[in-house]
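Quick notes on the structure that follows.
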Amino acid sequence: MLDRTERTEWFLNDRFGMFIHWGLYAIPARGEWVRSHEKISIDEYQEFFEEFNPADYDPKEWAKIAKAAGQKYVVLTTKHHDGFCLFDSKLTDYKATNTPAKRDLIKEYVEAFRAEGLKVGFYYSIIDWHHEHYPAFGDRIHPMRDNEEFRDKPIDFDVYVEYMHGQVKELLTNYGKIDIMWFDFSYDDMTGEKWKATELINMIRGIQPDIIIDNRLGGNIKSSNPEVYAGDFYSPEQIVPPGGILDEDGNQIPWEACITLNDNWGYHAKDKNYKSPKQAIRTLVECVSKNGNLLLNVGPDAKGLIPDRSIEILEEVGKWMKRNGESIYGCTASRLPKPEWGRYTQKGNKLYAHVFDRGIGPIYFAGLKGKIKKARLLADGSELHVQTPWMAEQYSDIESGAFINLEGAQLPDEMDTVIELELFES
Ligand code: H79
């Protein structure tokens with residue numbers, strides 16, 4: 001069996017993935033937490049189950065969109081907190097097979113993305129607001145948390161844990177090789193062995209030895225001696241960790257920031273608060289400059305269509321990636337401090353200068369005097385010159401710095417202009 005470093009090698013190389021949140025909540029279209037936020041009962045939510053019929057569901061189209069954006073892997077909600085399963089689980093009737101969709105939607109998903117050459121992941125919520133043996137009354141987030149009818153309802157949590165393990169087993173047995181298992185999430189005392197996490201991990205590794213698993217079953221992935229269930233990568237949500245993620249000994253550990261394009265994961269009809277393509281590109285660059293990955297979310301609607309604005313943003317990202325992907329794939333943080341004008345990523349002796357801020361005049365590279373063998377604009381391969389500007393020798397702060405001339409008052413690419421610096425040594 002591979003160790004964590006070996007398992008995560010492809011993941012850290014690929015850097016950029018697509019997250020997909022899709023389920024019954026696409027119909028009310030107020031985000032995937034709608035049942036909890038509005039304290040909706042299973043009965044009230046049932047109408048969405050009875051009408052779920054995504055006529056335009058075409059995961060081949062989703063896969064094309066992801067691939068064109070430069071995304072190398074994908075993670076889809078097989079079951080979110082509402083408990084609804086997109087897959088044909090033998091352990092529940094609460095699944096796509098029993099809706100008007102009448103089929104296993106996960107099977108088509110796996111096949112479509114695999115055919116496009118993307119690595120395939122499963123999001124699976126270990127929380128379940130539908131299962132009768134999941135704690136409801138008094139829980140912090142369950143839709144029925146303060147419904148008196150649930151106060152004295154006895155539950156047998158072991159029954160739920162067995163169900164959850166059984167579904168994970170189905171997911172990892174019935175669809176061939178799966179690359180990522182993305183659990184969501186532990187909270188309060190609902191963590192670690194409460195989920196029988198060691199047993200769960202051993203079962204998973206028995207079926208899919210190379211799969212990588214996030215850190216949300218609990219435990220402390222940052223420990224020098226982490227639990228077996230502490231996971232392969234850290235999963236910051238809606239934030240890029242300012243200094244990346246280090247373990248207790250100061251070593252870098254794999255991480256992946258998951259970020260929405262608007263303010264919701266699941267489809268929200270009124271949420272038009274989208275990030276710009278520029279923000280999406282620069283966020284990806286920021287993650288890589290800190291040794292991390294970016295998992296960028298889309299929330300397809302009730303018909304199965306990714307919102308138009310999300311598609312447009314991903315197209316813009318894809319245009320940039322096509323020309324500048326070398327500064328992302330296989331790249332890591334640089335040892336150099338963050339420059340004034342943007343960020344660095346690095347791959348061996350190739351240093352990628354991501355210039356976000358044009359300023360005026362030449363671009364200044366602290367610490368690189370005499371170290372730059374060649375400078376090229378990554379987007380078109382055109383040469384750039386290292387030159388010391390007139391009088392610059394007299395400035396107080398340039399002894400070890402280098403300047404590169406960039407023509408024009410505006411950046412060639414205002415999203416992010418990448419200068420590829422070939423260094424004499426890395
Ligand atoms: O699927 C998406 C979100 O629906 C899910 N994760 C992403 C990928 C997510 N659900 N909840 N959260 C993320 C964070 C929730 C945090 C809180 Fe709480 C809920 C804070 C207060 C209530 C957790 C539970 C901490 C205390 C109770």
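Could you check how much of the accessible area of region 252-293 is carbon and sulfur, as a whole percent, using a 1.4 Å probe? Don't skip to the end; give the middle numbers.
Details: 620 of 1420 Å².
C and S atoms contribute 44 percent here.
Rounded to the nearest 10 degrees, the angle from helix 277-289 to the longest Cα principal axis of the chain is 80 degrees.
Taking all protein chains together and a 1.4 Å probe, the residues Val110, Val159 rank Val159, Val110 from largest to smallest accessible area.
If you take all other residues with their beta carbon under 11 Å from the beta carbon of Phe87, and give Lys and Arg +1 and Asp and Glu -1, the sum is +1. Ordered by 1.4 Å accessible area with all protein chains kept, Met18, Met391 run largest first as Met391, Met18. The listed residues Asp146, Asp128, once ranked by accessible area (1.4 Å probe) with the largest placed first, stand as Asp146, Asp128. Oblate is the label for region 365-426. Its Cα gyration tensor axes, ordered a ≥ b ≥ c, give a/c of at least 1.5 and b/c at or above a/b.
For Gly117, what charge total do you get from the other residues with a beta carbon under 15 Å from its beta carbon, if Lys and Arg give +1 and Asp and Glu give -1? Counting the neighbours of Gly117, the net charge comes to +3. Computed 3J(HN,Hα) for region 405-412, one whole-Hz value per residue from the Karplus formula 6.51 cos²θ - 1.76 cosθ + 1.60 where θ = phi - 60°, is 6, 10, 6, x, 7, 10, 5, x, glycine and proline marked x.
Given a 10 angstrom Cα cut-off, can you work out which residue in Thr77, Thr388, Thr97 is the most mobile in a GNM of the chain? Sorting by GNM fluctuation, first place goes to Thr388.
Karplus-based coupling profile of region 294-306, in residue order and whole Hz: 10, 10, 9, 8, 10, x, x, 7, 5, 7, x, 9, 6, with θ = phi - 60° in 6.51 cos²θ - 1.76 cosθ + 1.60 and x standing for Gly or Pro. In a simple Cβ point-charge model (Lys, Arg +1; Asp, Glu -1; nothing else charged), the chain has a dipole of about 1320 debye relative to its Cα centre.
Each of Gly218, Ile155, Ile306 was placed along the dipole of the chain (beta-carbon charges, centred on the mean Cα), and the one lying farthest toward the positive end is Ile306. The convex hull around the C-alpha trace of region 120-237, projected and averaged over every direction, spans 7.7 square nanometres. Helix 105-115 and the longest principal axis of the Cα set of the chain meet at an angle near 30°.
Working from Cα positions, state the angle (0 to 90°, nearest 10) between the long axis of helix 59-69 and the longest principal axis of the chain. Computed tilt is about 20 degrees. Pop out the carbon and sulfur fraction of the accessible area of region 310-398 as a percent, whole number, probe 1.4 Å. Here carbon and sulfur together make up 51 percent of the probe-accessible area.
A simple spin-label model places pseudo-atoms 7 Å from Cα toward Cβ; at Glu44 and Asn405 they are separated by 6.9 nm. Each principal axis of region 31-147 carries a Cα extent, and these read 47, 27, 24 Å when sorted largest first.
Enter the accessible area per residue of region 136-207 (Å², integer; probe 1.4 Å; all protein chains in place). Walk me through the numbers before you get to the answer.
Values: 3450 Å² over 72 residues.
So region 136-207 comes to 48 Å² accessible per residue, rounded to a whole number.
Which of Met181, Met144, Met164 sits closest to the plus end of the dipole of region 143-214, meaning its Cα is farthest towards the positive end, when Lys and Arg get +1 and Asp and Glu get -1 on the C-beta? Positive-most Cα among the choices belongs to Met181.
Please state, as a whole number in µm²/s, the translational diffusion coefficient that the Stokes-Einstein equation yields for the chain at 10 °C and 1.306 mPa s, with Rh defined as the Kirkwood radius across alpha carbon pairs. Mind showing how you got there, number by number?
Details: Rh = 23.1 Å.
Answer, rounded: 69 µm²/s.
To the nearest 10, the accessible area of Lys153 is 90 Å² with a 1.4 Å probe. Under 5 Å between amide hydrogens, built in the peptide plane, is the criterion, and for Asn291 it picks out Ala333 among residues at least 5 positions away or on other chains. Charges were assigned to the Cβ only: +1 to each Lys and Arg, -1 to each Asp and Glu. The resulting dipole of region 33-116 about its Cα centre is roughly 540 debye.
Overall, the accessible surface of region 53-175 at a probe of 1.4 angstrom is composed of carbon and sulfur to the extent of 46 percent. Annotation: amide H-H contacts under 5 Å for Asp139 (H modelled 1.01 Å from N, sequence separation of 5 or more, or interchain): none. When the helix-only estimate is applied to the chain (DSSP H runs of n ≥ 4, each -39,500 (n - 2.57), divided by the residue count), what is the mean residue ellipticity at 222 nm, nearest 500 deg cm²/dmol? So the helix-based figure for the chain works out to -7500 deg cm²/dmol. The HN-Hα couplings worked out from phi for region 390-402 by the Karplus form 6.51 cos²θ - 1.76 cosθ + 1.60 (θ = phi - 60°) are 3, 6, 4, 3, 8, 6, 6, 10, 10, 3, 10, x, 10 Hz, whole numbers, x standing for Gly and Pro. Solvent exposure of Ile398, expressed as accessible area, is near 10 Å², computed with a probe of 1.4 Å over the protein chains only.
Normalised per residue, the accessible area of region 311-426 is 55 Å², obtained with a 1.4 Å probe and no contribution from ligands, DNA or RNA.
Its Cα centre serving as origin, region 285-426 has a Cβ charge dipole (Lys and Arg +1, Asp and Glu -1) of approximately 480 debye.
Would you please give the FRET efficiency between Ser224 and Glu162, computed as 1/(1 + (r/R0)^6) with r the Cβ-Cβ distance and R0 = 25 Å, to the nearest 0.05?
Details: r = 33 Å, r/R0 = 1.32.
Efficiency, rounded to the nearest 0.05: 0.15.
The values are calculated or read from the model by the stated rules, or taken from the named source; none is laboratory data. Here the structure is a predicted model, which is why all the values come from computation and not from measurement. Heads up, the Cβs are rebuilt from the backbone with ideal geometry, glycines too, and the neighbour counts pull from every protein chain shown. Protein only, heavy atoms only, side chains kept; ligands, DNA and RNA dropped before computing areas. Shrake-Rupley method; radii C 1.70, N 1.55, O 1.52, S 1.80 Å.
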